[in-house]
Amino acid sequence: MSNLAVVEGVLERITYANEESGYTVARVDTGRGGGELLTVVGALLGAQPGESLRMEGRWGSHPQYGRQFVCENYTTVLPATVQGIRRYLGSGLIKGIGPRIADRIVEHFGTDTLDVIEADPKRLIEVPGLGPKRTRLIGAAWEEQKAIKEVMVFLQGVGVSTSIAVRIYKQYADASISVVRNQPYRLAADVWGIGFLTADRIAQSVGIPHDSPERVRAGLQYALSQSTDQGHCFLPEERLIADGVKLLQVDTGLVIECLADLAADPEGVVRETVPDPAGGDPLTAVYLVPFHRAELSLTGQLRRLLHAEEDRMPGFQDVDWERALGWLAGRTGADLAPEQRDAVRLALTRKVAVLTGGPGCGKSFTVRSIVELARAKKAKVVLAAPTGRAAKRLSELTGAEASTVHRLLELKPGGDAAYDRDRPLDADLVVVDEASMLDLLLANKLVKAVAPGAHLLFVGDVDQLPSVGAGEVLRDLLAEGGPVPAVRLTRIFRQAQQSGVVTNAHRINSGVPPLTEGLPDFFLFAEEDNEAAGRLTVDVAARRIPARFGLDPRRDVQVLAPMHRGPAGAGTLNGLLQEAITPARPTVAEKRFGGRVFRVGDKVTQIRNNYEKGANGVFNGTVGVVTALDLDEQRLTVRTEEDEEVGYEFGELDELAHAYAVTIHRSQGSEYPAVVIPVTTTAWMMLQRNLLYTAVTRAKKLVVLVGSRKALGQAVRTVSAGRRYTAVAARLSGRIPVGIIP
């Protein structure tokens, strides 16, 4: 240690911080005069602008930036001068104190300021404009900051980033250090943002052996939870063992042993023999407990609804359908096609039914007809969809109120629903639109809340991408030999045939390249170079479409990228689109967080389910606009597409991402007036027919493809090979005995 140099100074600003590794580049004022700042790089995890630091490290040099100090560790030193204290307090370190209030406090107490806040914070009330409430908050924030600092210093030694350290502290408070030291693998289960790999790194640095059974069990559960992120409800045992050996780099025998331990633990994993979805020999499936419970529960509840004795809409069993449909045509001004009539009859006479079909085939009109007839018989109709946008569209279509599934069920913190089997929804008919988006866990919660005797109708396009979460519920409901009756609409209506968007969606779905010339609403801007295609995508979305079609680039135009990474991926495009649509301006407040900058006016999306936010939680995929940013209160406000104002502490900003460009997977269930789709060879592995089809069907009026004809051909030709591992269809058709309903 003796050969380390020591530098003291005030941290002026952080120019770069990698949230994962904690590597930071900062500018520090060493007080040498002349206003020159020193560049410091390295482990400055948790240090805040305005703090006085005592840093140990070595002098180095960078070919581009010149002399710099490489910091290996640091301690904070409370500033002693009035100027230092003012800067320290005004840095946003303590919630409730911004630059203006810092000036007032320091003016009043001078160099005693920090002693007063530390020892007698009640005295802050002496400062003009500080009431008792704010005084209390500042005192509490100071205490919390001190406690977090202590945890930070410990976590810094084990390589944890600032934002994760804060989350660990929020989860465990004073027990943080003890949990991290003694049970690091708990972090992966308890703290959002910490996966097994981070927990494993921490475990290593606190001395947990590489081959400890605790590590292997945690690794296997991680491998299963990774597979649910890829859409699987279970993994075949052989594949899980192979994945575990590869991930953990331990003997196969140890993995098999630890898997047996997990299977013996009621909260561990469940092993069950199921038919192979691909048609081979039966498999031993390994499930995480919640997914196994959800499969049993969903299939048991569906069968219970299908076979219920009672009927909450008995009037439709002996209705004169010719008269009823004639009356309906008088109300709606149009006759139903034969397959639409079948769908109407099915939904109103059978307890569970599915309506599927592509764009322009009259799904929406059929749903409206079903709702009209049900309401004419005084039935209580409840309408829901997985996203805010889809619910809004369903509401406009039927003239009745529709809500998101989450809101309908009144999901509570922790994810429990207010409505379930013991307290079902008061509804005679439940209609769920965009059902291709329903994952196993949400579908289970919804079906549980439908009362016996009520009718449940799933509506969706089964050729779109399956849900982001685990399962492929709509496809399973439509599986051959299953008990759920269904109608597939296939005829494209005449007015829809005029639309290039609809025509090309059906061409893509049947493996034929889209027409890209001579249409008023479907274009291809050919560009073989991937980076140039990224720049052209931005130009089309931010300038050309608004100029030619009069659409608002923030509200009406959505860029949908096949993947997140790469020069034409959603990540890069978001940065470029933000600069084009919501550039930095002196009058607009902004907050830098990790590698992102948030500004008032930014289009953003929530990237995790958070049951604690908003009236009934804010869910992965919810989109909104930043309407306010308060640097004093360290709080940002988003107005969501459901017109709800939701607040975010600055420490929670890793739950938000920019949404000028989103991946096609994240756009499911949403509709936009115009979509711009970069199709480039960098996304080669992702280019599949259902991905492109899903993107095109998001557009109401206009589609612009940007990129390579070769990549477009690849997308149209490639049928997604991967079926998901799920046993829902097998359970529904009785190929696996249905157990008790949890």
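The values are calculated or read from the model by the stated rules, or taken from the named source; none is laboratory data. None of these values were measured; they are calculated from a predicted model. Methodologically, a virtual Cβ is constructed for each residue, glycine included, from the backbone with ideal geometry; neighbour enumeration extends over all protein chains shown. We work out accessible area using only protein heavy atoms, side chains counted, and drop any ligands, DNA or RNA first. Shrake-Rupley method; radii C 1.70, N 1.55, O 1.52, S 1.80 Å.
The figures follow:
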quantity	calculated
Those residues of the range 489-525 which are outside any loop (DSSP other than H, G, I, E, B) and of a type in the set (Val, Ile, Thr), in sequence order	VAL501, VAL502, THR503, ILE508
Complete set of residues in the range 266-288 that are within 29 Å of the chain's Cα centre (by Cα) and open to solvent by less than 10 Å² (accessible area, probe 1.4 Å)	GLY268, VAL269, ALA285, VAL286, TYR287
Residue check for HIS232: closer than 30 Å to ARG723 by Cβ, modelled with pLDDT of 80 or more and part of a loop (DSSP other than H, G, I, E, B)	yes
Scan of the range 361-408 for residues that are in a loop (DSSP other than H, G, I, E, B) and open to solvent by less than 10 Å² (accessible area, probe 1.4 Å), ordered by number	CYS361
Matching residues, the range 96-114, being over 43 Å from the mean Cα position of the chain (by Cα) and free of Cβ contacts under 8 Å to residues at least 24 places away in the same chain	GLU107, HIS108, PHE109, ASP112
Test: ALA674 is open to solvent by less than 50 Å² (accessible area, probe 1.4 Å) and assigned to a strand (DSSP E or B)	yes
Test: residue in the range 558-567 that is at pLDDT 90 or above, part of a loop (DSSP other than H, G, I, E, B) and surrounded by fewer than 18 Cβ atoms within 10 Å (Cβ to Cβ)	no
All positions within the range 207-236 that are closer than 18 Å to VAL728 by Cα and not aliphatic (A, V, I, L, M)	SER227, THR228, ASP229, GLN230, GLY231, HIS232, CYS233, PHE234, PRO236
Identity of the residue in the range 630-643, outside any loop (DSSP other than H, G, I, E, B) and polar (S, T, N, Q), that ends up least open to solvent (accessible area, probe 1.4 Å)	THR640
Verdict on GLY471 being under 26 Å from the mean Cα position of the chain (by Cα), part of a loop (DSSP other than H, G, I, E, B) and surrounded by 24 or more Cβ atoms within 10 Å (Cβ to Cβ)	yes
Long-range neighbours under 6 Å by Cβ, at least six apart or interchain, first residue at negative phi within the range 491-519, second of a type in the set (Asp, Glu) and open to solvent by less than 30 Å² (accessible area, probe 1.4 Å)	GLY500/ASP521; VAL501/ASP521
Close pairs (8 angstrom Cβ cut-off, 6 or more residues apart or separate chains): over 14 Å from THR76 (Cβ atoms) and modelled with pLDDT of 85 or more in the range 1-19, loosely packed, with under 12 Cβ neighbours inside 10 Å and not acidic (Asp, Glu) anywhere	ALA5/TRP59
Pick from the range 315-333, criterion surrounded by fewer than 13 Cβ atoms within 10 Å (Cβ to Cβ) and part of a loop (DSSP other than H, G, I, E, B), ranking: modelled with the highest pLDDT	ASP320
Where LEU441 falls short, out of the listed (1) part of a helix (DSSP H, G or I); (2) farther than 22 Å from LEU306 by Cβ; (3) in contact (Cβ under 8 Å) with a residue 40 or more places away in the chain	(2)
Matching residues in the range 69-98 - criterion: being part of a strand (DSSP E or B), touching a Phe, Trp or Tyr at 6+ places or on another chain (Cβ under 9 Å) and open to solvent by less than 20 Å² (accessible area, probe 1.4 Å)	PHE69
Looking only at the range 48-68, and only at residues there that are of a type in the set (D, E, K, R) and open to solvent by less than 60 Å² (accessible area, probe 1.4 Å), the one that is nearest to ILE97 (Cα to Cα)	GLU51
Residue check for SER205: open to solvent by less than 20 Å² (accessible area, probe 1.4 Å) and either more than 30 Å from the chain's Cα centre (by Cα) or touching a residue at least 40 places away in the same chain (Cβ under 8 Å) (or both)	no
Residues within the range 593-629 that are open to solvent by 30 Å² or more (accessible area, probe 1.4 Å) and free of Cβ contacts under 8 Å to residues at least 60 places away in the same chain, tallied	5
Test: residue in the range 644-666 that is among the charged types (D, E, K, R), open to solvent by 10 Å² or more (accessible area, probe 1.4 Å) and part of a loop (DSSP other than H, G, I, E, B)	yes
Selected residue (criterion: least open to solvent (accessible area, probe 1.4 Å)) from residues of the range 677-707 that are more than 15 Å from ASN504 (Cα to Cα) and assigned to a helix (DSSP H, G or I)	ALA683
Pairs with Cβ under 7 Å, 6+ apart, first in the range 723-742 and under 17 Å from LEU235 (Cα atoms) and outside any loop (DSSP other than H, G, I, E, B), second open to solvent by 50 Å² or more (accessible area, probe 1.4 Å) and at pLDDT below 90	ARG731/VAL738
Residue check for PHE458: under 28 Å from HIS564 (Cα atoms), of a type in the set (Phe, Trp, Tyr) and touching a residue at least 40 places away in the same chain (Cβ under 8 Å)	no
Count - residues of the range 359-386 that are within 18 Å of LEU477 (Cα to Cα) and in contact with an Asp or Glu (Cβ under 6 Å, 6 or more places away or on another chain)	2
Every residue from the range 115-155 that is open to solvent by less than 90 Å² (accessible area, probe 1.4 Å), more than 35 Å from the chain's Cα centre (by Cα) and either charged (D, E, K, R) or modelled with pLDDT under 75 (or both)	GLU118, ASP120, GLU126
